[in-house]
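The values are calculated or read from the model by the stated rules, or taken from the named source; none is laboratory data. All of these numbers come straight from a predicted model, not from anything done at the bench. Please note: Cβ atoms are built from the backbone with ideal geometry, for glycine as well, and neighbour counts cover all protein chains shown.
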Amino acid sequence: MERRNLIFFFCFLFLFTQFSYAAEEKKYTNTDDVLPLGLDKDVFMVPDNNPITSEKVELGKLLYFDKRLSADGSVSCTSCHNPKTGFADPEPVSTGIGGQKGVRNSPTCINTAFNIFQFWDGRAPSLEEQAKGPIQNPVEMGNTPEGAVKNISAVAGYKPYFVKAFGSEEVTFDRIAQAIAAYERTILSGNSAWDRFVYGGDKQALSPEAQRGLQLFEGKALCTRCHVGFNITDGIFHNLGVGMNKPNPDFGRFVVTANEKDKGAFKTPTLRDIQKTAPYMHDGSQKTLEEVIEFYDKGGEPNPWLDPKVEPLKLTAQEKADLLAFLKSLEGDWTPESEPALPE
C-alpha cells in the first residue's frame, strides 16, 4: 500500500471507530458498482437503512433540483451547490429565502460519500442528516419537515417516483432525505491527471510543473499534514486562523463540542476539483488558489488556538507556481449535471 494511502487508512480507521454513525459500513451499491479511478470502494459508506438504488437516485436528483422544498419555492439544493460550479457556490456565502445571507461558504457536494462528518463543523453524522439541515434552516430554505412533506405531497407527479424508490406513494421527511442522500452519493470525482499518474501508472499524466508541485505537496509545503489519502483530506478539524481576527469570530467545531481546543477549527475539505469551487475557506474570504497558497505560506493567521501543523513555509515564487499546477491537476473528468424536468 502506498504511503499516502496508508496514512489515510489509519486516519480513517481511527475516525470510523470513534465517530461513525450507527449503520454498518457497506461497499458502493449503485447499479454499475464502479467508482472513478482513484476512489476507494472499500471506504464508501452506505447505511443499512438506505441502500442505493437507481430509482432512489433518480428521485433524489429531482428533489435536489426542486425549489418546492423551500418554504417560498425560491431555493433548491442547487441554489447553493450548483453542479456548474463544482457543486458549490461561487459567492462567499449563499443567499437563502427572502434574500437572507448565510455566514459560511457552501462546501462542495463532490465525494461527500466519503465524509465521516458533514458540514464545516461536522454537526451532521451522515448525508441523510445533512440533507435535512438546509431545508429547516430559517436562513436557507426556511421550511419545516411538515412543510416540505406537504409541498412534495401536493405534486401528483412525484407519486410514481416514491413508489419506485420506496414501494409506496407516501412522502415522509425521512424519505426525502434518504433520496437526496442517495443521489449525493453518486456525485463523484476521480480519474484526474493526478489519479492517472498515481493510480493509473501514467507517468506522462502530470506536467513537469505539476510533478514538482506534488513533491512540494508531500514535502516542504506540508500539505499532507491534513490533506491525505485518495480524497485528499483527513476529514477532521483544524484551526488555520481564518476569520479569527474578526470582532466576533466563527468558532466552528467548538459550537458542536464545546471543547476549548476546537475553537476556530473547521473540517479539512477535499482538494478534488478545487479550481472549480472558489472562493475558499469556510467564510469564502479567499477568492483564488493563489491567495490560499499565500495564506498557508505565511503560516495562517496567529491566534491562541492555531493548529501546530500550520507554520510558515517560505516557498519561492517558482514553488508556489508548481504547487498551483499540482492543485489544478486534481480536476476530475465528470461533466456538470443537467437540470431535470421536474414532476408536475
| Subset of the range 115-139 that is at pLDDT 95 or above and out of contact with any strand residue (DSSP E or B) (no Cβ under 9 Å at 6 or more places or on another chain) - its residue that is surrounded by the fewest Cβ atoms within 10 Å (Cβ to Cβ) | 138
| request: Tell me, please, whether a residue that is outside the structural domain of residue 87 (by TED's automatic domain parsing), part of a loop (DSSP other than H, G, I, E, B), among the basic types (Lys, Arg) and buried (at least 17 other Cβ atoms within 10 Å of the Cβ) can be found in the range 260-267. | output: yes
| field | Among the candidates 283, 322, residue that is out of contact with any Cys (no Cβ under 7 Å at 6 or more places or on another chain), over 26 Å from residue 114 (Cα atoms) and buried (at least 19 other Cβ atoms within 10 Å of the Cβ) | value | 322
| Using beta carbons and a limit of 6 Å, which pairs, at least six apart or on different chains, have the first residue in the range 40-56 and closer than 30 Å to residue 159 by Cβ and the second one in a helix (DSSP H, G or I)? | 50/178; 52/182; 55/164; 55/165; 56/165; 56/179; 56/182
| remark: Among the residues of the range 72-97, the number that are surrounded by fewer than 21 Cβ atoms within 10 Å (Cβ to Cβ) and in contact with a helix residue (DSSP H, G or I) (Cβ under 7 Å, 6 or more places away or on another chain) is 5
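Select from the range 306-325 the residues that are in contact with an Asp or Glu (Cβ under 8 Å, 6 or more places away or on another chain) and either touching a residue at least 60 places away in the same chain (Cβ under 8 Å) or not charged (D, E, K, R) (or both) and list them in ascending order.
The answer is 312, 313, 315, 321, 322, 324, 325.
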| Selected residue (criterion: surrounded by the fewest Cβ atoms within 10 Å (Cβ to Cβ)) from residues of the range 179-199 that are part of a helix (DSSP H, G or I) and among the small types (Gly, Ala, Ser) | 193
| request: Of all residues in the range 50-92, count the ones that are over 30 Å from residue 242 (Cα atoms) and in a helix (DSSP H, G or I). | output: 15
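Restricting attention to the range 11-29, does a residue exist that is acidic (Asp, Glu), part of a loop (DSSP other than H, G, I, E, B) and at pLDDT 80 or above?
no
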| Selected residue (criterion: surrounded by the most Cβ atoms within 10 Å (Cβ to Cβ)) from residues of the range 163-178 that are in contact (Cβ under 8 Å) with a residue 24 or more places away in the chain and more than 17 Å from residue 146 (Cα to Cα) | 165
| note | Selection from the range 234-281 of residues among the polar types (S, T, N, Q) and in contact (Cβ under 8 Å) with a residue 40 or more places away in the chain yields 239, 245, 268, 270, 275, 277
| Are there any pairs with C-beta distances below 6 angstrom linking a residue in the range 75-101 that is under 20 Å from residue 151 (Cβ atoms) to a residue that is surrounded by fewer than 17 Cβ atoms within 10 Å (Cβ to Cβ) and of a type in the set (S, T, N, Q), with the two at least 6 apart or on different chains, and if so which? | 97/74
| Residues satisfying the stated conditions in the range 112-170, i.e. under 12 Å from the mean Cα position of the chain (by Cα), more than 24 Å from residue 71 (Cα to Cα) and part of a helix (DSSP H, G or I) | 112, 113, 114
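Can residue 142 be described as crowded, with 21+ Cβ neighbours inside 10 Å, at positive phi and out of contact with any Leu (no Cβ under 6 Å at 6 or more places or on another chain)?
Numbers: crowded, with 21+ Cβ neighbours inside 10 Å: no; at positive phi: yes; out of contact with any Leu (no Cβ under 6 Å at 6 or more places or on another chain): yes.
Judged against the criteria, residue 142 is not a match.
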